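Enquirer: Sharing a structure, written as structure tokens. Questions coming.
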Amino acid sequence: MQHLTVITTGGTIDKVYFDAKSDYQIGAPQIGEILAQLGVAFEFDVVPVLRKDSLDMTDADRAAIRAEVERQAHRHILITHGTDSMVDTARALAGIPGKTIVLTGALNPARFQGSDAVFNIGCAVGAVQTLGDGVWIAMNGRVWDPAHVRKNRAANRFEGAT
């Protein structure tokens, strides 16, 4: 992999805490800063598409993400996404030829100490380089086929599904 295109859609990975409002909001994409700090040995660009909680994503949002993936000249695509509807978006991206697409996110904001964001991004970067064409989810140290995974909200993790 010589080049990685990162498409950002919001989600917990990009949430920041606003003291004045006492709540969390989706902030600027964090992944570009994370990859730069890690000194990765490949070129990348960050393409922001949405800044949404994935529970608020619509079919139109998923169509916009798909259109952006299809527009990209490069084969390797990493998408940061909220975890609650990540599987739905991954399934909506099925069938795009000539692309290896990996979705990842975080269960805790990237700016938080102990966040799983950097680990999940690292796993996703490794996955997008080694997998064949298709759509995949990289979460919790595993790479999943979107047809056979679900988010277990009670346990706050991804697990196999039939």
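Enquirer: Most fluctuating residue of Met139, Met57, Met86 in a GNM of the chain with Cα springs under 10 Å: which is it?
Expert: The residue with the greatest mean-square fluctuation here is Met57.
Enquirer: If you don't mind, another one. What does the C-alpha gyration tensor say about the overall shape of segment 102-162? Classify as rounded when a/c is under 1.5, otherwise prolate if a/b is larger than b/c, or oblate.
Expert: Oblate, since a/c reaches 1.5 and b/c is not below a/b.
Enquirer: What residues of segment 65-92 lie in the reach of a label at Asp56, counting those whose backbone N is under 17 Å from a point 7 Å from the Cα along Cα→Cβ?
Expert: Hits in segment 65-92 for Asp56 at 17 Å: 65, 81-86.
Enquirer: Can you compute the modelled spin-label distance between Ile96 and Ala64, with each label point 7 Å from Cα toward Cβ, in nm?
Expert: In this crude label model, Ile96 to Ala64 measures out at 1.5 nm.
Enquirer: Which of the aspartates and glutamates could a cross-linker span from Lys151 if the Cα-Cα distance has to be under 16 Å and same-chain partners fewer than 8 positions apart are dropped?
Expert: Cross-link targets: Asp53, Asp84, Asp88, Asp116, Glu159.
Enquirer: For the chain, what does -39500 (n - 2.57) per DSSP helix run (n ≥ 4), summed and divided by total residues, give at 222 nm, in deg cm²/dmol to the nearest 500?
Expert: Counting only the DSSP helices, I get -7500 deg cm²/dmol.
Enquirer: In terms of the Cα gyration tensor, with a ≥ b ≥ c the square roots of its eigenvalues, is segment 36-102 rounded because a/c is under 1.5, prolate because a/b exceeds b/c, or oblate?
Expert: In terms of gyration-tensor shape, oblate.
Enquirer: Okay, next question. Report for the chain the percent antiparallel among DSSP-assigned beta bridges with both residues inside it, nearest 5.
Expert: 35 percent
Enquirer: Give the shape of segment 1-124 as rounded, prolate or oblate, defined through the alpha-carbon gyration tensor: a ≥ b ≥ c are the square roots of its eigenvalues, a/c under 1.5 means rounded, and otherwise the shape is prolate if a/b is larger than b/c and oblate if not.
Expert: oblate
Enquirer: Over the chain, what is the mean sequence separation of C-alpha contacts under 8 Å (at least six apart), divided by residue count, expressed as relative contact order in percent?
Expert: 23 percent
Enquirer: I would also like to ask the following. Please arrange Thr130, Thr162, Thr100 by counting, for each residue, the other beta carbons lying within 10 Å of its beta carbon, fewest first.
Expert: Thr162, Thr130, Thr100
Enquirer: Round to a whole angstrom and tell me the spacing of the C-alpha centers of segment 1-78 and segment 99-162.
Expert: Spelled out, the Cα-based centre of one part sits 14 Å from the other.
Bear in mind these aren't lab numbers, they're just calculated from the coordinates by the rules spelled out. Please read all numbers here as calculations on a predicted model, not as lab measurements. With ideal geometry, Cβ positions are generated from the backbone for all residues, glycine too; neighbour counts draw on all protein chains shown.
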